[in-house]
Structure formats: C-alpha cells, structure tokens
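Q: Next up is a structure, given as structure tokens.
Just so it is clear, none of the values below were taken in a lab; they were calculated from the coordinates. Computed from a predicted model, the values in this text were never measured in an experiment. Here the Cβ positions follow ideal geometry from the backbone for every residue, glycine too, while neighbour counts run over all protein chains shown.
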Amino acid sequence: MKYSDKVKKAAPIIKAIKALKKDEELTIQYKGDKFTVRAYVSGDNYVSYSVWNSFRGMNVSKVGRTSLSLYTYDMMSQKTTYTLSLIEAAII
C-alpha cells in the first residue's frame with residue numbers, strides 16, 4: 001500500500017479527532033480493543049488529546065497523518081511511548 005493510500009484511509013479518523021471540542025470523546029476500535037480519544041482545552045485554548053482503554057490512558061504528543069504518537073510516565077518518571085496506527089483503527 002502506498003503512503004498516499006494510507007493517508008487517505010486514516011483521513012476520516014484524523015478529521016474526527018481534530019473536530020473534537022472541549023471534553024468530547026470519540027470511540028475507536030484498534031486491534032480488537034476499544035479506545036476512547038478525549039479532547040482537553042487549556043486556558044490558552046490549546047487542544048490536547050488523550051487515549052484511554054478502560055482504566056489506563058496515554059497522552060497524545062502528536063496527531064500525525066496516519067498515526068497518533070502516545071506517551072505516559074510511570075511512578076518512577078519512566079517515559080513509555082507508543083505509536084497507534086490509525087490505518088488499523090475504525091470509528092465505532
């Protein structure tokens with residue numbers, strides 16, 4: 001699959017995520033699991049996102065053209081990162 005095809009396939013999900021307003025959520029399915037993408041707005045109107053699966057969540061550092069870059073810190077300040085491919089995801 002060409003990169004342009006991947007971008008086209010992920011475009012509806014990216015558009016839906018970027019359209020989220022303050023405190024809105026979007027449920028997606030990725031590799032058989034359900035995830036909730038939540039939008040937050042800071043005092044200076046900066047929109048940030050997080051991805052939650054039941055009781056665990058990760059912050060979104062970047063909304064790319066085909067994926068979400070995620071990160072979290074544990075109690076020992078150890079950073080964990082993950083790239084969630086939106087090509088393999090679907091809006092529920």
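Q: How much mean residue ellipticity at 222 nm does the chain get from its helices, if each DSSP H run of length 4 or more adds -39500 (n - 2.57) and you divide by all residues, to the nearest 500 deg cm²/dmol?
A: Using -39500 (n - 2.57) per qualifying helix, the result is -6000 deg cm²/dmol.
Q: What is the extension gain from Ala19 to Ser85, computed as 0.36 nm multiplied by their sequence separation minus the C-alpha to C-alpha distance, in nm to one decimal?
A: 21.9 nm
Q: Now for a separate question. Suppose every K and R has +1 on its Cβ and every D and E has -1 on its Cβ; what is the size of the dipole of the chain about the Cα centre, in Debye to the nearest 20?
A: Working: 15 positive and 8 negative charges, 78 e Å.
That gives the chain a dipole magnitude of about 380 debye.
Q: Scanning the chain for trypsin sites (Lys or Arg not before Pro) in DSSP loops with at most 15 other Cβ atoms within 10 Å, what's the longest stretch left with none?
A: My reading of the result: 32-64 is the longest stretch.
Q: Next up: Compute the distance from the alpha-carbon center of region 56-92 to that of region 1-38, in whole Å.
A: Centre-to-centre (Cα) distance: 12 Å.
Q: Now, a different point. Quote to one decimal, in nm, the extra length available between Ser61 and Thr27 on full extension: 0.36 nm per residue of separation minus the C-alpha distance between them.
A: Extra length from Ser61 to Thr27 when fully extended: 10.4 nm.
Q: Determine which residues of region 53-74 fall in the zone a paramagnetic label at Val7 would reach in this model, i.e. backbone nitrogen under 16 Å from the point 7 Å along Cα→Cβ.
A: Counting backbone N atoms under 16 Å from the label point, the list is 63-68.
Q: Turning to a different aspect of this structure: Say each of Tyr46 and Ser69 gets a label point 7 Å from the Cα, pointing the same way as Cα to Cβ; how far apart are those two points in nm?
A: Each label point is offset 7 Å from its Cα along the Cβ direction, giving 1.5 nm.
Q: Specify which residue in the list Ile13, Val51, Tyr40 is farthest towards the positive end of the charge dipole of region 3-91, using unit charges on the beta carbon of Lys, Arg (+1) and Asp, Glu (-1), about the Cα centre.
A: Going by the Cα projections, it comes out as Ile13.
Q: Something else: Pick the calculated Rg/Rh (Cα atoms, Kirkwood Rh) for this structure from (1) 0.93; (2) 1.09; (3) 0.97?
A: Computing Rg/Rh (Cα atoms, Kirkwood Rh) and matching it to (1) 0.93; (2) 1.09; (3) 0.97 gives (3).
Q: Same structure again: Once amide H atoms are placed 1.01 Å from N in the peptide plane, what residues at a sequence separation of 5 or more from Gly64, or on another chain, have their amide H within under 5 Å of its amide H?
A: Those qualifying (amide H under 5 Å, at least 5 residues apart or on another chain) are Ser69.
Q: Can you give the angle from 0 to 90° between the axis of helix 3-18 and the longest principal axis of the chain, with both taken from C-alpha atoms, to the nearest 10?
A: Between the helix axis and the principal axis of the chain, the angle is about 40 degrees.
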